[in-house]
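Here's the structure we're looking at; comments come further down.
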Amino acid sequence: MGQVVVISTGGTIASRWQGSGFAADARGGDVLATAAVPDGVTVRVVDLMSVNSARLTTRDQLALLRAVHEVLADPAVDGIVVTHGTDTLEESAFLLDLHHDDPRPVVFTGAQRPLEAPDGDGPRNLRDALLTASAEATRGLGVLVVFDGQAHAARGTIKVRTLAADAFADPSGSPIADVKDGRVLVRRRPERPEPLPLPPAAGALPRVDIVMHHCDADPLLFDAAVEAGAQGIALVATGAGNATPEVAAAVGAAVSRGVLVALTTRVPEGPVAEIYTQGGAVDLAAAGAVLTGTLRAGQARIAVLSAVLSSADPAERTRLLRHALGSTEAATV
Ligand code: ASP
């Protein structure tokens with residue numbers, strides 16, 4: 001038990017009625033006031049921003065990453081809670097996990113029901129997150145997502161339900177811990193590659209796009225992303241990672257121009273795999289796309305973003321992406 005810093009970024013947990021719909025506008029102190037702070041825990045609030053998470057930019061996410069590192073420079077801090085909109089929580093949490101080089105936990109949470117809802121889920125989620133961030137048992141587990149009584153590893157976890165309270169899961173894995181009756185029961189340790197160094201503070205931020213394949217899709221939108229200056233693209237293919245010969249040719253052309261291409265799938269669960277040709281993952285991989293295992297679109301894009309931010313060299317970017325994915329062939333950063 002000890003000192004936890006809550007970094008407040010907005011989301012439904014900080015949302016109030018605006019006359020036509022809900023939007024984040026509350027400060028972190030108002031959000032914290034809804035939750036029962038566990039015995040023995042002291043809390044300090046950092047108000048970073050208050051926005052709906054669909055509006056977050058790379059600049060905002062890097063500000064959050066730096067804020068976490070600044071807070072952890074204080075050895076008196078035992079853990080961090082980030083309150084965040086659920087829509088893109090999986091992206092920010094994974095970005096932080098890729099660069100998290102500290103045994104102390106960073107715990108993301110939020111809510112499906114707004115700040116002042118009488119039966120809201122925010123107060124319980126925030127209390128569970130405070131408990132998780134201050135528990136000795138969560139040291140070394142990296143960045144976690146605490147929601148509806150469970151703690152999930154950032155890597156692989158996605159928003160799986162638009163409205164229900166159990167909004168998050170790793171469809172290809174299992175939770176890390178249960179948070180129940182005021183206790184955190186750790187079930188397993190997540191697999192995490194060595195963290196990447198913090199991205200440089202200065203410099204222009206790269207464009208990294210997501211393009212989805214579907215019946216009748218041609219490479220027009222993929223090519224448009226390249227023309228728009230994308231330095232990386234996450235291609236969301238069908239099935240185990242399949243598209244068309246035309247898309248495979250477009251991937252090859254983009255890779256030869258230095259664009260980092262990651263291959264993921266529209267399917268919720270299971271890895272992408274090199275099985276099919278004639279535009280399938282066999283050909284997309286041969287064209288230079290990097291298969292992203294069980295990462296889904298938002299997190300595949302974040303892995304590409306981190307690699308692109310970390311180096312200007314296309315070969316090095318590919319190596320860093322493979323490292324971020326946990327590939328053993330690129331074990332050192
Ligand atoms: N619109 C919200 C967001 O900021 C949704 C939520 O927080 O649950 O992501």
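Suppose R0 equals 45 Å; then what is the FRET efficiency for Glu116 and Arg188 from their Cβ-Cβ distance, rounded to the nearest 0.05? That pair, Glu116 with Arg188, gives E of 0.80. Mean separation of Cα pairs under 8 Å and 6 or more residues apart, divided by the residue count, gives the chain a relative contact order of 14 percent. Net length available on complete extension from Gln18 to Arg257 is 81.4 nm, with 0.36 nm assigned per residue and the Cα-Cα distance removed. Backbone geometry of the stretch 315-323 corresponds, through the Karplus equation with coefficients 6.51, -1.76 and 1.60 at θ = phi - 60°, to 3J(HN,Hα) couplings of 5, 5, 4, 5, 5, 5, 5, 4, 4 Hz, x marking Gly and Pro. Take every Cα pair under 8 Å whose residues are at least 6 apart in sequence, average their separation, divide by the length of the stretch 48-150, and the relative contact order is 28 percent. Every Cα-Cα pair of the chain was included, and the share exceeding 30 Å stands at 34 percent. Taking other C-beta atoms within 10 angstrom as a stand-in for reagent exposure, Asp74, Asp30, Asp121 fall in the order Asp74, Asp30, Asp121, fewest first. For trypsin sites (Lys or Arg not before Pro), the sites in the stretch 245-333 that DSSP calls loop and that have at most 16 other Cβ atoms within 10 Å are Arg257, Arg266. A simple count of charges around Ala177, restricted to other residues whose Cβ falls under 14 Å of its Cβ and scoring Lys, Arg +1 and Asp, Glu -1, yields 0. Taking label points 7 Å from Cα along the Cα-to-Cβ direction, Asp47 and Asp181 give a separation of 4.0 nm. For the chain, the longest principal axis of the Cα atoms and the long axis of helix 245-256 meet at an angle of about 80 degrees. Applying 0.36 nm per residue to the separation of Asp74 and Leu198 and subtracting their alpha-carbon distance, the gain on full extension is 42.9 nm. Among Ala303, Ala36, Ala151, the residue with the largest mean-square fluctuation in a Gaussian network model of the chain, with springs joining Cα atoms closer than 10 Å, is Ala36. The length gained by stretching the chain between Glu136 and Ala54 to full extension, at 0.36 nm per residue less their Cα-Cα distance, is 26.2 nm.
In this simple spin-label approximation, Ser172 and Ile275 carry label points 7 Å from Cα along the Cα→Cβ vector, and these lie 1.3 nm apart.
Every number in this text was worked out from the coordinates using simple rules, so none of it is lab data. Owing to the predicted nature of the structure, the values given are computational and were not obtained by experimental measurement. Please note: Cβ atoms are built from the backbone with ideal geometry, for glycine as well, and neighbour counts cover all protein chains shown.
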